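Structure, as structure tokens:
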Amino acid sequence: MPVRSAAAPSARTVAQRPATLDWAILGLVVVTSLAVVASLTMVASPAAAAPPLSAPPSARSVLMTRAISPAQVTARLARYPAVKLTVPGKIPDDVAAMLPHLRQAADAIDRVYWQQVSADGPAMRAALRRTGRFEGHQLAKQFLQLLEIHYGPWDRHHNDDPFLSQRQRPPGANFYPADISRREIDTWVHKLPATAPALFSPYTVVRRSGRDLTTVPYSKAYAADLKVAADALRAAAAVHRCVQPKGPNGGVGDHDSRCRCAGLATFLTARATSLLNDDYLTSEVLWLSTGDCPLDIVIGPYEYYEDRLMGLKTSFESIIYLRDERASQRFAQLTKLHQGLIDNLPLPPDLKPRFELTKPSPITIGNVLYTAGDARSGYQIRAFVLPNDERVRRARGTKNVILKNVVQAKFDTLAQPVAQAIFEPKLARQVSFDAYFNILLAWQFAHGIQASRIEVPGGGRTSARELLRARYPLIELVKGEAIALLNYLWLSEQGVLPKGAETTVAATFLAGFFDSMRLGRSSPQTAAKSIIYNYLANEWVFRYNPSGRTFEVNAPVLKKAVRKLVAEVLQIIGRGDYAGAGRLILQYGIAPGEVHAKLSELSALPVDIKPVYASMPAL
């Protein structure tokens with residue numbers, strides 16, 4: 001059986017949950033139409049969907065489905081400036097030979113992710129690559145670039161509107177049949193509870209077989225590409241040899257620096273096996289024991305954001321990066337402050353014992369060499385806390401990694417221009433890279449805070465993820481962003497971060513909010529920051545000045561407002577409050593008019609970077 005991050009819910013629990021379309025709520029984050037708000041009470045119904053492409057299309061036939069003009073595609077591409085991502089210094093000799101194999105594995109994972117996002121995307125991409133020299137081939141190349149930014153025909157930063165298709169994005173991506181609804185899945189599991197573990201597994205796709213629903217393990221659904229990835233990982237492990245040369249007297253000499261990556265080689269071999277049998281537990285544990293190797297890789301199915309139907313299926317991704325040991329050492333002391341961060345949480349007495357920080361893990365500062373799959377699609381990843389398997393997190397901790405070269409590129413290219421557009425010059429100067437980086441640092445600790453399993457009526461225990469269903473990923477993001485602000489203020493009070501930073505952190509967060517809002521309402525990160533903005537604006541932390549069309553911050557009330565927000569979010573998670581999660585999203589998830597007005601003024605600014613992996617050896 002595939003290893004899961006959490007046990008499947010019981011048939012009774014599934015049957016008790018309302019079949020409302022959770023992701024429809026998330027779609028409200030920048031919608032002000034009362035008619036749309038009212039529609040939240042409606043039961044989800046399958047969207048009309050044409051069958052996937054039955055034959056390999058031509059570039060001409062793909063371009064015939066375009067939903068935007070040539071001028072629009074040119075304008076959208078201009079919002080993704082190419083930025084070179086480099087790593088300081090020289091790639092160490094003992095890992096250089098592994099990189100071509102790791103890149104090959106990452107590229108195979110990338111192909112798997114294409115299949116997860118869209119049934120038609122891979123064929124459309126192949127067609128646009130075979131443009132030849134027909135009239136319009138330059139337009140085909142432009143659409144190909146946009147397709148590759150978004151990993152499918154829907155614009156992730158334009159509310160998932162189709163730009164190269166007549167079909168809307170299915171909520172369940174390509175993890176499920178395009179016409180399926182949550183009600184159908186819940187009804188099926190209620191009728192056949194024995195199918196729940198496979199149906200709700202993070203490592204299966206759901207398909208129709210006549211009138212029945214069936215599941216296919218990832219290892220079979222993506223067998224060809226996963227075999228390529230597994231073989232490449234084993235090849236990378238094979239080129240690493242741990243050799244300890246003999247000393248002058250015939251004994252073992254000084255420690256050979258090549259031995260420092262033996263743990264990584266062991267992980268690569270184990271992860272190759274995981275890709276082919278869907279059992280990730282052993283390799284996840286080994287990944288947390290790769291030692292002080294300067295090279296590391298994230299590779300496998302991790303994130304749940306692509307599944308907006310049930311919030312259960314994981315997407316494949318890969319991140320290859322080099323550790324910056326000197327920079328990491330600067331933050332090693334923060335692991336000693338974990339208990340203080342937990343004690344600072346505003347929790348009622350009955351919930352306080354139920355929240356803990358997963359096994360303390362040091363912050364690692366890294367620099368990206370290469371990304372693929374979910375880590376590259378649309379929003380370029382700046383940091384991560386992995387793995388997501390709760391059993392591993394509790395027993396062994398996590399890797400908390402900030403990708404500094406990406407953070408710097410995003411601050412320079414995105415956040416600074418936004419700050420200059422939304423603030424008066426004096427406040428714009430308060431937005432700093434240090435604050436931008438330190439908010440991310442505080443966020444790393446926030447995602448390590450977990451609630452223990454929840455007792456359910458009738459006996460048994462379950463997790464917040466299972467009770468909150470498709471609302472959980474968004475609430476988890478809100479928790480992380482809100483506690484990051486709380487952590488930043490507490491670390492400032494302890495003297496770890498600069499004191500008296502309320503104005504700087506509030507202004508830098510607000511610049512980041514507007515940067516994220518431009519990603520479109522379909523982005524979970526956008527939805528989370530929208531909720532936080534509205535909550536804090538309701539507490540008078542943020543104010544709009546209509547005469548200057550600028551925003552202001554009211555720093556003295558920041559701490560009290562953030563504590564109030566964190567308390568509400570933690571109670572939702574701690575109690576598995578499905579209805580409470582919906583209320584929070586409905587009440588604070590609609591962006592106000594002044595935000596929309598300012599966003600329209602930012603339409604010419606870059607929305608994200610297009611990474612150029614300048615330090616990664618080519619295949």
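The values are calculated or read from the model by the stated rules, or taken from the named source; none is laboratory data. None of these values were measured; they are calculated from a predicted model. Reconstructed Cβ throughout: ideal geometry from the backbone, glycine too, with neighbour counts over all protein chains shown. For the accessible areas, the whole protein counts, side chains as well, though only heavy atoms, and no ligand, DNA or RNA atoms are used. Shrake-Rupley method; radii C 1.70, N 1.55, O 1.52, S 1.80 Å.
Can you send over the solvent-accessible area of HIS137, 1.4 Å probe, protein chains only, in Å² to the nearest 10?
Solvent-accessible area, nearest 10 Å²: 20 Å².
Quote to one decimal, in nm, the extra length available between LEU276 and SER328 on full extension: 0.36 nm per residue of separation minus the C-alpha distance between them.
My answer for the length gained is 15.3 nm.
Might you tell me the accessible area per residue for the range 561-619, computed with a 1.4 Å probe and given in Å²?
Each residue of the range 561-619 exposes 39 Å² on average to a 1.4 Å probe.
Which option, (1) 17; (2) 60; (3) 27, is the value of percent of Cα pairs over 44 Å apart that was calculated from these coordinates?
The calculated read-out lines up with (1).
Calculate for the chain the 222 nm mean residue ellipticity that helices alone would give, adding -39,500 (n - 2.57) per DSSP H run of length 4 or more and normalising by residue count, nearest 500 deg cm²/dmol.
Here the helix-only value at 222 nm equals -13000 deg cm²/dmol.
Within the range 414-430, whose backbone N sits under 18 Å from a point 7 Å along Cα→Cβ of ARG543?
422-428
Loop only by DSSP, 14 or fewer other Cβ within 10 Å of the Cβ. Give me the chymotrypsin sites (Phe, Trp or Tyr not before Pro) in the range 528-619 that pass, ordered by residue number.
Here the chymotrypsin sites (Phe, Trp or Tyr not before Pro) that fit, given the DSSP loop and packing criteria, are TRP540.
How long is the gain from ALA223 to GLN142 if the chain were fully straight, where each residue apart is worth 0.36 nm and the alpha carbon distance is subtracted?
Fully extending the segment from ALA223 to GLN142 adds 26.0 nm.
Net charge near THR65, counting Lys/Arg +1 and Asp/Glu -1 over other residues with Cβ under 10 Å of its Cβ?
It works out to a net charge of +1.
Too long at a 32 Å Cα-Cα cut-off: which of LYS404/LYS479; LYS191/LYS399; LYS564/LYS598?
In this structure, LYS191/LYS399 lie more than 32 Å apart at Cα.
Which FRET efficiency value, to the nearest 0.05, do you get for LEU599 and LYS499 by plugging their Cβ-Cβ distance into 1/(1 + (r/R0)^6) with R0 = 41 Å?
0.75
Give the calculated FRET efficiency between ASP292 and VAL216 to the nearest 0.05, with a Förster radius of 51 Å applied to their Cβ-Cβ distance.
Once rounded, the FRET efficiency stands at 0.80.
Just to check I understand the Karplus step: with θ = phi - 60° and J = 6.51 cos²θ - 1.76 cosθ + 1.60, what whole-Hz values come out for the range 410-418, glycine and proline as x?
Values, residue by residue: 6, 5, 5, 8, 10, 5, 4, x, 5 Hz.
Work out how much length SER209 to ASP179 would gain on full extension: take 0.36 nm times their residue separation and subtract the Cα-Cα distance, in nm to one decimal.
9.4 nm
Sequence-distant or interchain residues sharing an amide H contact under 5 Å with LYS610, placed H: which?
Under 5 Å from the amide H of LYS610 lie the amide H atoms of ALA82, VAL83, each far enough along the sequence or on another chain.
Which whole-Hz ³J(HN,Hα) couplings does the range 453-464 yield from phi under the Karplus relation 6.51 cos²θ - 1.76 cosθ + 1.60, θ = phi - 60°, glycine and proline marked x?
Calculated HN-Hα couplings, in order: 5, 9, 6, 10, x, x, x, x, 10, 9, 10, 4 Hz.
Under a point spin-label approximation (7 Å from Cα along Cα-to-Cβ), what is the ARG394-PHE433 distance to one decimal in nm?
Taking the simple label geometry, ARG394 and PHE433 are separated by 4.1 nm.
For the range 144-214, which trypsin sites (Lys or Arg not before Pro) are in a loop by DSSP, counting at most 14 other Cβ atoms within 10 Å?
Answer in residue order: ARG211.
Would you be so kind as to identify which of PHE143, PHE355, GLY263 lies farthest towards the positive end of the dipole of the chain, taking Lys and Arg as +1 and Asp and Glu as -1 on Cβ and the Cα centre as origin?
Checking the options against the dipole of the chain, the answer is PHE143.
Using a 1.4 Å probe on the protein heavy atoms, what percent of the accessible area of the chain belongs to carbon and sulfur?
54 percent
Along the Cα→Cβ direction, 7 angstrom out, place labels at LYS426 and LEU586. What is the inter-label distance in nm?
4.3 nm
Find the centroid of the Cα atoms in the range 173-216 and in the range 152-166, then give the distance between the two in whole Å.
Rounded to whole Å, the Cα centres lie 26 Å apart.
Per residue, how many Å² of accessible area does the range 351-495 show with a 1.4 Å probe?
30 Å²
Okay, which of the range 428-468 sit inside 20 Å, backbone N to the point 7 Å along the Cα-Cβ direction of GLN339?
445-446, 448-452
Amide H neighbours of LYS399 under 5 Å, at least 5 residues apart or on other chains, H built in the peptide plane: list them.
For LYS399, whose amide H was placed from the backbone, the distant partners under 5 Å are LEU386.
Kindly state, to the nearest 0.05, the FRET efficiency for VAL612 paired with ASP350, given R0 = 51 Å and r defined as their beta-carbon distance.
0.50
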